[in-house]
Amino acid sequence: MYNTRLDGLTEYPFQRLTALLAGIEPPSESIVMSIGEPQHAPPDLLHKTLALNPADWGKYPPTPGSPDYRAAVAAWCATRYRLPAGFLDPEKHVLPVAGSREGLFMAAQLCVPPQKHGKTPTVLMPNPFYQVYFGAAVMAGADPVFVPATKATQFMPDYMSVAASDLDRAAMAYLCTPANPQGTVASLDLLKDMIRLARKHDFVLVSDECYSEIYAHTPPAGALEACAALGEGLSNVLVFNSLSKRSSVPGLRVGFVAGDATLIAKFQKLRAHGGAVAPLPVLSAAAALWRDEAHVEDNRRLYRAKADDAAAIFGSSFDFYRPAGGFFLWLNVGDGEAATKKLWREAGVKVLPGGYLARGTTANDNPGSAYIRVALVHDRDRTKAALVRMKHTLDSLSK
């Protein structure tokens with residue numbers, strides 16, 4: 001006996017990658033660039049603050065986290081997105097999550113009802129997409145609706161073009177900005193349009209903004225900023241972010257959800273039953289990280305330098321473009337699986353086939369199948385060496 005909805009899940013991308021590369025021996029010096037796991041050194045501030053409250057390790061952390069953590073998050077959001085005073089109340093609008101992944105998955109348990117207008121609800125998501133979105137929709141009993149986020153749409157999903165029948169059944173829509181894997185950024189106007197659409201059709205916009213602090217030039221807009229600009233509060237909106245990318249601490253597993261007060265209260269009730277809560281010393285350290293911008297700028301500078309190197313190495317080859325945000329390259333290599341195998345066998349560089357991050361309606365129309373995703377997560381010298389090897393190998397593939 002088990003939950004048969006599990007049968008609707010596909011293998012996770014990295015399991016598929018392991019199977020694809022099985023039996024292929026890479027050169028002795030290999031570099032893994034398939035997973036978006038930041039390898040920059042964590043800030044010194046983390047080690048100092050983790051040691052400040054040793055007695056708190058002996059306490060169960062409360063589901064809402066600590067007042068100090070919620071206050072730090074609310075203050076960061078207010079500064080980062082220029083929110084009006086009091087717009088984001090740390091007692092009503094903010095809740096910690098164990099990294100954005102957990103929160104994004106549980107959002108579907110929160111937002112998807114058994115039925116909407118007497119029919120199975122839908123969950124809208126970009127295509128390509130972060131696989132957690134699909135898994136969350138399936139396990140909540142919803143119908144996933146894949147909305148193209150391709151070069152033709154500037155790599156952003158056009159939710160306004162979704163069929164009326166799917167919009168009327170929509171319980172929620174995921175939006176990732178900066179986008180994973182394409183690195184594109186939603187404009188403030190697009191975010192406002194998305195919020196208006198969510199309110200018109202009474203679904204929840206779930207804005208995944210975990211790459212928001214890694215950007216080329218201009219800080220990306222956010223859904224909280226768009227809510228403030230519309231002047232109609234936070235209804236129908238949940239925003240997720242975390243410290244994993246911003247502060248290079250993916251192992252800390254601390255993030256937040258902010259938005260609609262009614263949904264936040266219900267989310268707290270849900271998480272009390274099954275959500276992981278960070279220990280109080282971890283929340284204290286996380287609060288200190290949200291309050292410090294110096295280490296974030298240092299981190300961003302490293303990613304910008306690696307993006308500079310990538311631009312110099314690839315030029316316009318493989319439809320290269322410099323991502324506006326995040327740390328992934330989205331390269332058009334014609335056949336993502338074939339290129340991935342060749343890169344592992346000949347260059348010792350492990351990347352992820354783009355088709356593993358997307359879904360097609362037939363075997364031949366997967367919008368990611370021509371691409372590979374490359375994570376620029378290592379130090380600059382190691383990353384640059386890998387990119388040079390990649391370029392040489394991919395050039396031979398295209399001949």
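Checking D395 against (1) over 20 Å from F155 (Cα atoms); (2) assigned to a loop (DSSP other than H, G, I, E, B); (3) acidic (D, E), which single condition isn't satisfied?
(2)
Exactly one of (1) touching a residue at least 24 places away in the same chain (Cβ under 8 Å); (2) part of a loop (DSSP other than H, G, I, E, B); (3) not acidic (D, E) is unmet by G360. Its number?
Answer for G360: the failing condition is (1).
In segment 104-147, what residues are crowded, with 20+ Cβ neighbours inside 10 Å, outside any strand (DSSP E or B) and among the aliphatic types (A, V, I, L, M)?
L104, M106, A107, A108, L110, V112, V132, A136, A137, A140, A142, listed by residue number.
When residues of segment 49-67 are filtered for being surrounded by fewer than 16 Cβ atoms within 10 Å (Cβ to Cβ), assigned to a helix (DSSP H, G or I) and either among the hydrophobic types (A, V, I, L, M, F, W, C) or touching a residue at least 60 places away in the same chain (Cβ under 8 Å) (or both), how many remain?
4
Within segment 257-274, can one find any residue that is in a loop (DSSP other than H, G, I, E, B), in contact (Cβ under 8 Å) with a residue 24 or more places away in the chain and touching a helix residue (DSSP H, G or I) at 6+ places or on another chain (Cβ under 6 Å)?
Filtering segment 257-274 for residues in a loop (DSSP other than H, G, I, E, B) gives 260.
Then keep just the ones that are in contact (Cβ under 8 Å) with a residue 24 or more places away in the chain; that gives 260.
So of that shortlist, the ones also touching a helix residue (DSSP H, G or I) at 6+ places or on another chain (Cβ under 6 Å) come out as none.
Checked segment 257-274: no residue is in a loop (DSSP other than H, G, I, E, B), in contact (Cβ under 8 Å) with a residue 24 or more places away in the chain and touching a helix residue (DSSP H, G or I) at 6+ places or on another chain (Cβ under 6 Å).
Residues are listed down the side, and each one gets a yes or a no for (1) over 30 Å from E346 (Cβ atoms); (2) touching a Lys or Arg at 6+ places or on another chain (Cβ under 8 Å):
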site: Y2; (1), (2): yes, no
site: L17; (1), (2): no, yes
site: G23; (1), (2): no, no
site: V32; (1), (2): no, yes
site: Q39; (1), (2): no, no
site: P42; (1), (2): yes, no
site: P64; (1), (2): yes, yes
site: E91; (1), (2): yes, yes
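Conditions (1) part of a helix (DSSP H, G or I); (2) at pLDDT 95 or above, marked per residue:
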site: G23; (1), (2): no, no
site: P26; (1), (2): no, no
site: G36; (1), (2): no, no
site: A41; (1), (2): no, no
site: Y69; (1), (2): yes, yes
site: L88; (1), (2): no, yes
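Examine segment 333-348 for a residue that is without any contact (Cβ under 8 Å) to a residue 40 or more places away in the chain and more than 30 Å from A75 (Cβ to Cβ), and state whether such a residue exists. Show your work before the answer.
Kept after step one, since they are without any contact (Cβ under 8 Å) to a residue 40 or more places away in the chain, are these residues of segment 333-348: 335-336.
Cutting the leftovers down to more than 30 Å from A75 (Cβ to Cβ) gives us 335-336.
Yes: segment 333-348 contains one or more residues that are without any contact (Cβ under 8 Å) to a residue 40 or more places away in the chain and more than 30 Å from A75 (Cβ to Cβ).
Look at A75 and say whether it is out of contact with any Asp or Glu (no Cβ under 7 Å at 6 or more places or on another chain), farther than 21 Å from A226 by Cα and either in a helix (DSSP H, G or I) or outside the structural domain of P281 (by TED's automatic domain parsing) (or both). Steps first, please.
Values: out of contact with any Asp or Glu (no Cβ under 7 Å at 6 or more places or on another chain): yes; farther than 21 Å from A226 by Cα: no; either in a helix (DSSP H, G or I) or outside the structural domain of P281 (by TED's automatic domain parsing) (or both): yes.
For A75, the condition - out of contact with any Asp or Glu (no Cβ under 7 Å at 6 or more places or on another chain), farther than 21 Å from A226 by Cα and either in a helix (DSSP H, G or I) or outside the structural domain of P281 (by TED's automatic domain parsing) (or both) - is not met.
Can you pull out the residues in segment 173-208 that are over 15 Å from F327 (Cβ atoms) and in a loop (DSSP other than H, G, I, E, B)?
A186, S187, D202, F203
Only one residue in F267, F318, F327 is surrounded by 22 or more Cβ atoms within 10 Å (Cβ to Cβ) and at positive phi, so which one is that? Steps first, answer last, please.
Working: F267 fails: at positive phi; F327 fails: at positive phi.
Exactly one residue qualifies, and that residue is F318.
Failed condition for P84, given (1) within 22 Å of G259 (Cα to Cα); (2) outside any loop (DSSP other than H, G, I, E, B), with all others met?
(2)
The values are calculated or read from the model by the stated rules, or taken from the named source; none is laboratory data. What you see is a predicted model; the values in this text were computed from it and never measured. With ideal geometry, Cβ positions are generated from the backbone for all residues, glycine too; neighbour counts draw on all protein chains shown.
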